[in-house]
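The values are calculated or read from the model by the stated rules, or taken from the named source; none is laboratory data. These figures come from a predicted structure and were not determined experimentally. Cβ placement follows ideal geometry from the backbone for every residue including glycine, while neighbour counts extend to all protein chains displayed.
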Amino acid sequence: MNRFDTTPYRRSTVGFDRLFDLMERQARNAGGDNYPPFNIERRDEDEYRITLAVAGFRSEDLDITAQQNLLVIQGRKRDDRPEGEMLHLGIANRGFERRFDLADYVRVDNADLKDGMLVIDLVREVPEAMKPKKIAIGGQQKLEIVKDDEDDSAAA
């Protein structure tokens, strides 16, 4: 069993307990169920997309719940039985629960189901109070928000 020991890092850091707990939990669950298959895509600096292959599920069979730092997607199995005798049942229609841990300030922006693919768009929105600020030296009260290089070049 490959286990990453975070003890040396826990001794020399403060406030990263949640991150280390998350890493250890993911390592324990690495051999878990892979149904339904999914992709995670970074679309922009602060935009992400999760795509799950949920063939056979309708929108009313799926439940998406966003909590603080957690996204839970559940699919409920239907009892629809095709008429006639099934000789082979190869299309999975079993229930599932898939959990994604989200970083701080990440929220669900949109969810869409099309052609058996559930697409969930996520956006990271850092509050103004948490963005970096320039601190004036010399007792001045004015604080200035640090802007990207693009904003600085456009202003010049």
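Which strands (runs of 3 or more DSSP E) does segment 64-123 wholly contain that include 1 or more residues that are modelled with pLDDT under 85, of a type in the set (A, V, I, L, M, F, W, C) and under 20 Å from residue 44 (Cβ atoms)? So that I can check it myself, show each step before the final result.
Values: elements: 70-75, 96-101, 106-114.
Strands (runs of 3 or more DSSP E) meeting the threshold: none at all.
Scanning segment 65-93 for residues that are under 16 Å from residue 110 (Cα atoms) and surrounded by 13 or more Cβ atoms within 10 Å (Cβ to Cβ), which turns out nearest to the chain's Cα centre (by Cα)?
If we filter segment 65-93 for residues that are under 16 Å from residue 110 (Cα atoms), which is where we start, we get 65-67, 70-73.
Checking which are surrounded by 13 or more Cβ atoms within 10 Å (Cβ to Cβ) leaves us with 66, 71-73.
Numbers: 66: 10, 71: 6, 72: 9, 73: 11 Å.
Applying the filter and picking the extreme gives 71.
Do we have residue 60 as of a type in the set (D, E, K, R), at pLDDT 85 or above and more than 30 Å from residue 131 (Cβ to Cβ) here? Outline the logic, then answer.
Details: of a type in the set (D, E, K, R): yes; at pLDDT 85 or above: yes; more than 30 Å from residue 131 (Cβ to Cβ): yes.
Taking the combined requirement at face value, the residue satisfies it.
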Taking residue 147 and the conditions (1) modelled with pLDDT of 85 or more; (2) outside the structural domain of residue 52 (by TED's automatic domain parsing), which numbered condition does it fall short on, given that it satisfies the others?
(1)
Among all residue pairs at least 6 apart or on different chains, which show Cβ distances below 9 Å where the first residue, located in segment 51-70, is more than 15 Å from residue 115 (Cβ to Cβ) and the second is among the acidic types (Asp, Glu) and loosely packed, with under 15 Cβ neighbours inside 10 Å?
68/104; 69/101; 69/104; 70/101
